[in-house]
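The next block holds one structure in the form of structure tokens; read it before the comments.
The values are calculated or read from the model by the stated rules, or taken from the named source; none is laboratory data. Note that this is a predicted model, so its numbers are computed, not measured. Virtual Cβ from ideal backbone geometry, glycine too; neighbours counted across all protein chains shown.
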Amino acid sequence: MQAKKRNWAINYEKFVPALRILTTLFIMAVFYNRFRVDIYIAFAIYLLYAAAKLSLGGIFKNFFTKNKTLDIFFDMLFISSLIILTGGSSSYLWPLYLAPVISFTFTGGGRSGILVAAAGTVFFLMAVYYSELSLKKVPADFLLAIILVASLTYLLFYRYKKAVLKMAATDSLTRTFNLGYFQECLDRAVENYETTKEPVSLLFIDVDDFKAVNDTYGHLRGDEVLRAIGEAILLAVRKQDLVFRYGGDEFAVILQNAAKEDALHVAERIFSNVKRSVEGLTTFMKVTVSVGIAVLDQEFTDKKMFLEAADKSLYEAKRLGKNRFAIHSQTVMDRTK
């Protein structure tokens, strides 16, 4: 029963994006400065066809969604047949070609939409030529509309995909990036250093005695503290820098094109911001952070050494009494309160 529902759900996902063409058709009607009944008739016919495919998709166990090429072929064949039957170049059903472009862009990706737009153009030209043995009367409206719709849909898909990827890489509590994305960004930062030799700094930030905060005030208040510290760190860094939640009560910051002095300035701002942001959250307990800093330079030959340097710096800051930072750069370990 569950499998059957899942098959229908998958097909339904393919059916729903076709509804997005309604907005495009409305814009076209406004563009032509008159009510285009033919456009809405075309839209209704395509919805009936999509509904039929939805039913067939369930009966034939998701045949259409597993065979994308055949799916596109049947769409184009159906629409082209209607074009031939309703007058070729003078047919009022040509907007039907726009629906698969939108549908396949959102279900198969931006490139799929571009390919379907190209396929739709070829099928339409073939249908017109079959009807009239000439391409002289191909409406310019069709070419303009399919280019416009393909471009706008691709742009919308790109923005949608970017938003989804950002959501997947974001920690839901602190709104910083998560550990999985940290590994990817650190790899890129190290590779960029090897290519450009631009300095990269890494900060590990740990909330001092966070267990005591949870034990004293409860986990909900502990979450508020973490959220406030995350916001404080985000406000302390520059636009090009990246902030991550590295663990339960630990954060990491990758500072792009940042030497030792830049890292120290950011650390100072973090201490200042944290002090303000947690004020009032823990009445009888002072919440502080310790920061370990490493600067990528000639001593560190790989990512592992870079991480270890930042980790050792954090440990050193803790060992020296917390609420301070330590920085590891080449053979020097600096300690600053």
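State the number of residues belonging to the stretch 64-89 that are of a type outside the set (A, V, I, L, M, F, W, C) and modelled with pLDDT of 80 or more.
5
Within the stretch 250-269, does at least one residue satisfy the condition of being in contact with a Lys or Arg (Cβ under 7 Å, 6 or more places away or on another chain) and either of a type outside the set (D, E, K, R) or not in a helix (DSSP H, G or I) (or both)?
The answer is yes; a qualifying residue exists.
Can you tell me which of (1) at pLDDT below 90; (2) out of contact with any Ser or Thr (no Cβ under 7 Å at 6 or more places or on another chain) is the one Gln240 doesn't meet?
All conditions pass for Gln240, except number (1).
Of everything in the stretch 286-301, what is touching a helix residue (DSSP H, G or I) at 6+ places or on another chain (Cβ under 6 Å) and modelled with pLDDT under 75? Give them in sequence order.
Phe300
Quick one: how many residues across the stretch 162-179 are over 12 Å from Leu242 (Cβ atoms), surrounded by 12 or more Cβ atoms within 10 Å (Cβ to Cβ) and not charged (D, E, K, R)?
Total meeting the criteria: 3.
Read through the list (1) buried (at least 16 other Cβ atoms within 10 Å of the Cβ); (2) β-branched (Val, Ile, Thr); (3) modelled with pLDDT of 75 or more; (4) in a helix (DSSP H, G or I), then give the number of the only condition that Val138 fails.
(4)
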